[in-house]
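Written out below as structure tokens is the structure these notes cover.
The values are calculated or read from the model by the stated rules, or taken from the named source; none is laboratory data. Because the structure is a prediction, the values reported are computed rather than measured. Here the Cβ positions follow ideal geometry from the backbone for every residue, glycine too, while neighbour counts run over all protein chains shown. We work out accessible area using only protein heavy atoms, side chains counted, and drop any ligands, DNA or RNA first. Shrake-Rupley method; radii C 1.70, N 1.55, O 1.52, S 1.80 Å.
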Amino acid sequence: DSGFILDGLPLAGRFYVYKQSAVWTFRFVGGQNIFSSDTLLDTVGLLATRCVCLAPGGKKHVFASQDDILQHDGTNAASMLDKKFRRYLFNQIDTQFYTNSFMFANQLYNEVFFCYPQHGSQFPDRYLLIKMDGKIFEGDCSWQAVGSGIVETSDTETWATASSDWDSDIDPWSTSNRRKNVLVAPTATKFFLQDSGVLRDTVAFLAT
């Protein structure tokens with residue numbers, strides 16, 4: 001009755017199955033039944049495959065439903081948007097190609113991205129950035145997928161070769177190659193390493 005299974009993700013020893021109109025939880029119990037199952041949400045489901053992710057910190061899931069962005073800890077679910085912004089956001093999403101939307105977390109900066117196609121677009125060209133402290137930003141994008149993990153990078157700059165002064169140098173003191181996001185932009189035929197520099201494909205970008 002709650003539609004097709006669209007996605008699934010583990011959290012705190014349980015596995016959550018996201019359907020079109022419900023969210024189920026499974027827990028390993030062994031024996032003849034192997035798993036126990038129950039509904040977490042009876043009337044709220046997932047917008048599309050890839051529209052759920054593990055929140056920064058690893059203690060919650062964040063997911064896009066048909067008309068909201070929610071987070072849950074396995075017990076309680078809460079909206080991350082107010083009513084006015086929910087209406088604004090979901091009125092922008094293309095009604096035919098909304099299934100191309102996707103979501104991912106940027107663990108290092110404690111934020112979640114929801115990428116979606118606007119009206120008239122087939123692939124995601126707009127994103128909503130939600131900080132876990134409640135701040136919200138949005139902007140344009142060309143990404144259609146993301147991969148997360150360890151990324152091998154190198155930096156040849158040394159103290160002796162550094163030429164920028166303290167006020168204008170944008171480089172961090174140190175960087176971690178763990179939990180990095182690589183964004184895939186087929187229209188540009190490029191991969192982008194997120195949070196590398198302050199430009200997007202050599203061009204300044206606008207976010208509000």
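What the table shows:
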read-out	value
Matching entry among Phe137, Phe123 (being assigned to a strand (DSSP E or B) and either of a type in the set (Phe, Trp, Tyr) or surrounded by fewer than 19 Cβ atoms within 10 Å (Cβ to Cβ) (or both))	Phe137
Count - residues of the stretch 87-105 that are touching a Ser or Thr at 6+ places or on another chain (Cβ under 9 Å) and within 19 Å of Lys60 (Cβ to Cβ)	3
Residue in the stretch 148-163 that is modelled with pLDDT under 95 and either buried (at least 18 other Cβ atoms within 10 Å of the Cβ) or under 22 Å from Leu6 (Cβ atoms) (or both) present	yes
Identity of the residue in the stretch 18-53, modelled with pLDDT under 90 and not polar (S, T, N, Q), that ends up least open to solvent (accessible area, probe 1.4 Å)	Gly30
Checking Lys131 against (1) at negative phi; (2) in contact (Cβ under 8 Å) with a residue 24 or more places away in the chain, the condition it does not meet	(2)
Residue pairs meeting the criteria (Cβ under 7 Å; at least 6 apart or on separate chains; first under 17 Å from Cys115 (Cα atoms), in the stretch 57-76; second open to solvent by less than 20 Å² (accessible area, probe 1.4 Å) and of a type in the set (Ser, Thr, Tyr))	His61/Tyr16; Phe63/Tyr18; Ala64/Ser101
Residue pairs meeting the criteria (Cβ under 6 Å; at least 6 apart or on separate chains; first within 23 Å of Lys135 (Cα to Cα), in the stretch 180-208; second surrounded by fewer than 10 Cβ atoms within 10 Å (Cβ to Cβ))	Val198/Ile170
Residue check, Gly57 in a loop (DSSP other than H, G, I, E, B) and either within 12 Å of the chain's Cα centre (by Cα) or closer than 21 Å to Ser101 by Cα (or both)	no
Residue, nearest to the chain's Cα centre (by Cα), within the stretch 68-109, restricted to residues that are part of a loop (DSSP other than H, G, I, E, B) and surrounded by fewer than 14 Cβ atoms within 10 Å (Cβ to Cβ)	Asp73
Subset of the stretch 110-120 (residues that are in a strand (DSSP E or B) and either open to solvent by 50 Å² or more (accessible area, probe 1.4 Å) or over 20 Å from Phe191 (Cα atoms) (or both))	Glu111, Gln118
